[in-house]
1. Can you give me the number of residues within region 58-82 that are of a type in the set (Asp, Glu) and under 12 Å from the mean Cα position of the chain (by Cα)?
2. Restricting attention to region 83-105, which residues are in a helix (DSSP H, G or I) and either modelled with pLDDT under 90 or loosely packed, with under 11 Cβ neighbours inside 10 Å (or both)?
3. Quick test of your reading of the structure: GLY74 fulfils all but one of (1) open to solvent by 30 Å² or more (accessible area, probe 1.4 Å); (2) modelled with pLDDT of 90 or more. Name the failing condition by number.
4. Can you spot a residue in region 19-40 that is open to solvent by 40 Å² or more (accessible area, probe 1.4 Å), at pLDDT below 95 and among the small types (Gly, Ala, Ser)?
5. Of the residues ILE3, ILE7, only one is farther than 25 Å from VAL69 by Cα and open to solvent by less than 80 Å² (accessible area, probe 1.4 Å); which?
6. Here are GLY49, GLY62, GLY66: which of them is farther than 30 Å from GLN96 by Cβ and not in a helix (DSSP H, G or I)?
7. What are the residue pairs meeting all of these: first residue in region 17-36, first residue touching a residue at least 12 places away in the same chain (Cβ under 8 Å), second residue open to solvent by less than 30 Å² (accessible area, probe 1.4 Å) and in a loop (DSSP other than H, G, I, E, B), Cβ atoms under 7 Å, and 6 or more apart or on different chains?
Amino acid sequence: MGIQDIIEGKKQWRAHLARVKALPPDYQIVYKEMQKYLFKVGPVDLIEGNLLPGIVDFFEEGAATGRGVLEVIGEDVAAFCDELIKDSRTYADLYQESIKEHPGK
């Protein structure tokens, strides 16, 4: 990864955060909680993938209809996140696989 890639990545992240800040306050709060949860759970492709931008797209659509964020995703934010990543590999999965490959280490 070269310096240009790092700079471009920072630009994209700042643009992403600007979209989040443009959401209504209830959407911003839930997005931040979802982001924390997803960073803890650790889907492997979280940063490179389209998960976070996809959530913002979904939230922008929900906000445009005038619905509250919990009307859009339901009351259980963690369950919503789990459903989003149910087929994704996590860092916990990678760790479990490494233990199976190298038992006793």
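1. Qualifying residue count, region 58-82: 1.
2. Applying the first criterion (in a helix (DSSP H, G or I)) to region 83-105 yields 83-84, 91-101.
Of everything in region 83-105, those that are in a helix (DSSP H, G or I) and either modelled with pLDDT under 90 or loosely packed, with under 11 Cβ neighbours inside 10 Å (or both) turn out to be LEU84, TYR91, ALA92, ASP93, LEU94, TYR95, GLN96, GLU97, SER98, ILE99, LYS100, GLU101.
3. Looking at each condition in turn, GLY74 falls short on (1).
4. For region 19-40, residues open to solvent by 40 Å² or more (accessible area, probe 1.4 Å), at pLDDT below 95 and among the small types (Gly, Ala, Ser): absent.
5. ILE7
6. Among GLY49, GLY62, GLY66, only GLY66 is farther than 30 Å from GLN96 by Cβ and not in a helix (DSSP H, G or I).
7. Short answer, once both residue conditions are applied: ASP26/GLY68; TYR31/LEU23.
The values are calculated or read from the model by the stated rules, or taken from the named source; none is laboratory data. Here the structure is a predicted model, which is why all the values come from computation and not from measurement. Neighbour counts are summed over all protein chains in view; Cβ atoms, including those assigned to glycine, are modelled from backbone coordinates with ideal geometry. Ligands, DNA and RNA are excluded from the accessible area calculation, which covers all protein heavy atoms including side chains. Shrake-Rupley method; radii C 1.70, N 1.55, O 1.52, S 1.80 Å.
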